[in-house]
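The structure appears right after this line, and notes come after that.
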Amino acid sequence: MNPAIASINPLNNMITALKKFIQKNFSAHSVKEKGSVEAYDLWAENYDVQQGNLMLDMDESVFAELLKEVNITGKQIADIGCGTGRHWPKLLENDPASITGFDVSAGMLKRLEQKFPGAKTNQITDNFFSDTAKSTYDIIISTLTVAHIENIEEALQAWCRILKTQGDIIITDFHPNALAFGGKRTFQHNSNSISIQNFVHYVYDIEGILLQHGFHIVNKLERKIDESVKHYYAAKNALPVYEKFKDSRIIYGIHLRRGYDIK
């Protein structure tokens with residue numbers, strides 16, 4: 001055997017072993033990915049205490065703009081992926097008949113019930129909403145949720161069933177392009193960075209499913225990383241991250257309506 005080859009092979013083996021050791025003992029501990037149920041149960045304890053969270057602030061802006069297009073007074077609302085009821089104060093200001101919160105996380109629902117005593121809540125265990133009767137709700141809202149649902153077509157078909165013939169759906173979420181290129185939802189828990197599992201569902205696929213069920217698109221919005229949000233990154237000494245993702249689409253929102261005349 002060539003002595004040079006003999007000396008290289010052990011070196012390569014050592015480098016490979018070192019990489020595996022680092023990945024196993026350091027990389028895996030820097031960001032731990034968990035399913036949405038476990039992750040949001042952990043996050044529930046401090047989810048409402050997040051100052052300067054760009055994603056939540058962007059979502060707040062998009063949702064508020066889409067909500068202006070819907071008259072919710074006296075309406076039955078389903079909030080799918082309600083979390084701790086982040087949007088409930090603005091919903092309640094408009095006097096809906098009721099709001100029912102649906103979420104996979106018992107921890108999130110517990111926090112919601114503490115904030116809004118007597119709230120109607122249901123823990124989601126599958127995509128079918130079998131315990132909910134057909135045509136129960138006038139409006140479905142779902143914010144920062146759909147990318148956590150693996151079988152989105154199955155879920156959307158169930159949403160269409162529990163929505164009245166004349167009804168509205170408002171969806172917001174992380175932009176699928178951001179998720180497709182490695183974007184993650186993360187939070188800190190006991191000094192660990194937790195990443196929540198996501199599935200990439202392109203907006204046109206979601207629209208396509210709902211269009212087949214008689215919906216039409218009322219409005220569609222996007223938010224990008226631009227100069228208007230640069231201060232979020234500056235506050236966290238993360239301007240290199242800002243430069244890397246500048247002009248990237250990060251949040252989207254869509255409002256669809258069924259059973260009304262198109263004007």
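The values are calculated or read from the model by the stated rules, or taken from the named source; none is laboratory data. Predicted model, so just to flag it, every value in this text is computed and none were measured. Cβ coordinates were reconstructed from backbone atoms using ideal geometry, including for glycine residues, and neighbour counts include every protein chain displayed. Calculation scope for accessible area: heavy atoms of the full protein, side chains included, ligands and nucleic acids excluded. Shrake-Rupley method; radii C 1.70, N 1.55, O 1.52, S 1.80 Å.
Miscellaneous remarks
- Within the shell defined by Cβ-Cβ distances under 14 Å, the residues around THR145 carry a net charge of -3, with Lys and Arg each +1 and Asp and Glu each -1.
- Accessible area expressed per residue, segment 82-154, with surrounding protein chains retained (probe 1.4 Å, Å²): 46 Å²
- Share antiparallel - DSSP beta bridges, segment 54-134, percent rounded to 5: 0 percent
- Contact order normalised by residue count of segment 134-263, Cα under 8 Å, 6+ apart, percent: 31 percent
- For the chain, the relative contact order is 21 percent, taking Cα pairs closer than 8 Å that sit 6 or more residues apart in sequence and dividing their mean separation by the residue count.
- Taking a Cβ cut-off of under 12 Å around LYS110, the surrounding Lys, Arg, Asp and Glu residues balance to a net charge of -2, with basic ones at +1 and acidic ones at -1.
- Crossing angle, helix 106-115 versus the chain [Cα axis fit, 0-90 degrees, rounded to tens]: 50 degrees
- Summarising the strand pairing of the chain, around 50 percent of its internal DSSP beta bridges are antiparallel.
- Calculated translational diffusion coefficient of segment 120-212 (20 °C, 1.002 mPa s; Stokes-Einstein with Kirkwood radius over alpha-carbon pairs) equals 146 µm²/s.
- Taking every Cα-Cα distance in the chain and sorting them into 5 Å bins starting at zero, the pair-distance distribution P(r) comes out as 1, 5, 11, 15, 17, 16, 11, 8, 5, 3, 2, 2, 2, 1, 1, 0, 0 percent.
- Segment 63-172 shape via C-alpha gyration tensor axes, a/c threshold 1.5: rounded
- Prolate/oblate/rounded call for segment 123-177, Cα gyration tensor, a/c under 1.5 rounded: oblate
- Distance from segment 223-262 to segment 184-203 (C-alpha centre basis), Å: 17 Å
- Seen from GLU243, the other residues with C-beta closer than 15 Å to its C-beta sum to a net charge of +2, counting Lys and Arg as +1 and Asp and Glu as -1.
- If you take the Cα centroid of segment 106-165 and the Cα centroid of segment 30-51, the two points sit 19 Å apart.
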